[in-house]
Amino acid sequence: MKYPYENKNNPILSFSDMSRHNLQADCENCFGFCCVALYFSASEGFPVDKDAGKPCINLQSDFRCSVHKSLRKLGLKGCIAYDCFGAGQKVAQVTYGGHDWRQVPKSAKQMYEVFLIMRQIHEMLWYLAESLTLQQTCHIQGELSSMLNETERLTLLSPDSLIELDVAAHRGDVNTLLLQTSELVRSEVQPGQKTSSRHQKTLGRGLDLIGANLRKNDLRGANLRGAYLIAADLRGVDLSGADLIGADLRDADLRGANLTHSIFLTQAQINTAKGDSDTKLPISLTRPIYWSK
Ligand code: SF4
């Protein structure tokens, strides 16, 4: 079990780096929660239409996926993209102490519910841990640390307490700090921002930039929170300091783009996009093996 904060291989990692390391999925220590708890449909890149709480047809008795090596070939983009932020192993090994939903069928429904809540909490931890690594947040590090600790504490609650938790209220508190972080980071690069007239007025939260050609836009420090960047052309674009929290990057073309210092980017977003060996990623994220050379 890797949780919590266990990293004997790299002792120079900071607390936040270790936090983020442990917020990555560890399927070996999970009981396939994401393959059972979620509702999903074939049209979203999953094998079949299925109800929440029903195991996927490809989930084996050992909780491994029988088609894991062929997900891409089979076009199962939904499976490739999904990221639990380490919630799966936390629920399996900590909340339920290694008992799985097959061993304890009467708790199965509760386990799925707890997994979905834990995933939201772990996602918040991911963003908070990242905020703590940014030098621009030096004046709010105390608030960020307190919120990280409080959020960590929530992950250790009992199943009943987790189900009763007001996740939306906690998310609101976390989001206030994430917005402050975003403003601090973006304000450092925005003064030099030159955005072409076509998109100048449209940059901002929840934008529809589906299929847009953004190659000539200066997106450094841009607010792209929740933007729909599906199939957008971002080849060679410098996204330093851009806030990409919740942005939909499905099939966005990131070949040659620089995302090294973008903020609030997740592995799930990267997994759904197109990229190549020239795409620069934050150190916390992994280059998908199926990206072009
Ligand atoms: S195909 Fe595999 S990864 Fe996808 S939901 Fe089914 S078991 Fe999980």
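What the table below lists for this structure:
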{"read-out": "Length gained when the stretch Thr260-Tyr290 is fully extended (0.36 nm per residue, less Cα-Cα span)", "value": "8.8 nm"}
{"read-out": "Cα-projected label distance for Lys216 with Glu143, points at 7 Å along beta-carbon direction, nm", "value": "4.0"}
{"read-out": "Computed [θ] at 222 nm, deg cm²/dmol, the chain (DSSP H ≥ 4; -39,500 (n - 2.57); rounded to nearest 500)", "value": "-10000 deg cm²/dmol"}
{"read-out": "Anisotropy class of the range 69-185 from Cα gyration tensor, a/c 1.5 cut", "value": "oblate"}
{"read-out": "Cysteines having no other Cys beta carbon under 4.7 Å from their own, within the chain", "value": "Cys27, Cys30, Cys34, Cys65, Cys79, Cys84, Cys138"}
{"read-out": "Label-to-label distance, nm, for residues given as Val48 and Arg102 (7 Å Cα→Cβ offset)", "value": "1.7"}
{"read-out": "Protein accessible area in the chain, 1.4 Å probe - carbon and sulfur %", "value": "51"}
{"read-out": "Set of aspartates and glutamates with alpha-carbon distance to Lys293 below 12 Å, sequence-local pairs under 8 removed", "value": "Asp276, Asp278"}
{"read-out": "Degrees between helix 141-155 axis and first principal axis of the chain (Cα, 0 to 90, nearest 10)", "value": "30"}
{"read-out": "Calculated from backbone phi, Karplus (6.51, -1.76, 1.60) coupling profile of the range 48-58 in Hz, x at Gly/Pro", "value": "8, 7, 8, 7, 4, x, 10, x, 4, 4, 9"}
{"read-out": "When the range 196-293 is reduced to its Cα atoms, the Kirkwood hydrodynamic radius in Å", "value": "12.8"}
{"read-out": "R0 of 41 Å, Cβ-Cβ distance Glu150-Glu28: FRET efficiency to nearest 0.05", "value": "0.90"}
{"read-out": "Over 32 Å between alpha carbons, listed pairs Lys50/Lys280; Lys106/Lys274; Lys109/Lys274; Lys50/Lys106", "value": "Lys50/Lys280; Lys106/Lys274; Lys109/Lys274"}
{"read-out": "Cα gyration tensor category, rounded, prolate or oblate, for the range 11-147 with a/c compared to 1.5", "value": "prolate"}
{"read-out": "5 angstrom amide H check on Asp238, placed H, neighbours 5+ away", "value": "Leu219, Asn258"}
{"read-out": "Karplus-derived 3J(HN,Hα), 6.51/-1.76/1.60, for each residue of the range 177-183, Hz, glycine and proline x", "value": "6, 5, 5, 4, 4, 4, 5"}
{"read-out": "Distance in nm between pseudo-label sites at Ile163 and Ser187 (7 Å out along the Cβ direction from Cα)", "value": "4.5"}
{"read-out": "Under the Karplus curve 6.51 cos²θ - 1.76 cosθ + 1.60, θ = phi - 60°, whole-Hz ³J(HN,Hα) for the range 258-273, x wherever Gly or Pro sits", "value": "10, 10, 3, 10, 5, 10, 6, 8, 10, 4, 4, 4, 5, 4, 8, 8"}
{"read-out": "Net lengthening on full extension, Ile283/Asp62 (0.36 nm per residue, minus Cα-Cα)", "value": "76.3 nm"}
{"read-out": "Per residue solvent-accessible surface (Å²) - the chain, probe of 1.4 Å", "value": "50"}
{"read-out": "Part-to-part distance (alpha-carbon centres) for the range 217-293 and the range 127-153, which is given in Å", "value": "23"}
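The values are calculated or read from the model by the stated rules, or taken from the named source; none is laboratory data. Since this is a predicted model, take the numbers as computed values, not measurements. Don't worry about glycine lacking a Cβ; one is built from the backbone with ideal geometry, like all the others, and counts go over all protein chains shown. Accessible surface is based on the protein model in full, side chains and every heavy atom, while ligands, DNA and RNA are left aside. Shrake-Rupley method; radii C 1.70, N 1.55, O 1.52, S 1.80 Å.
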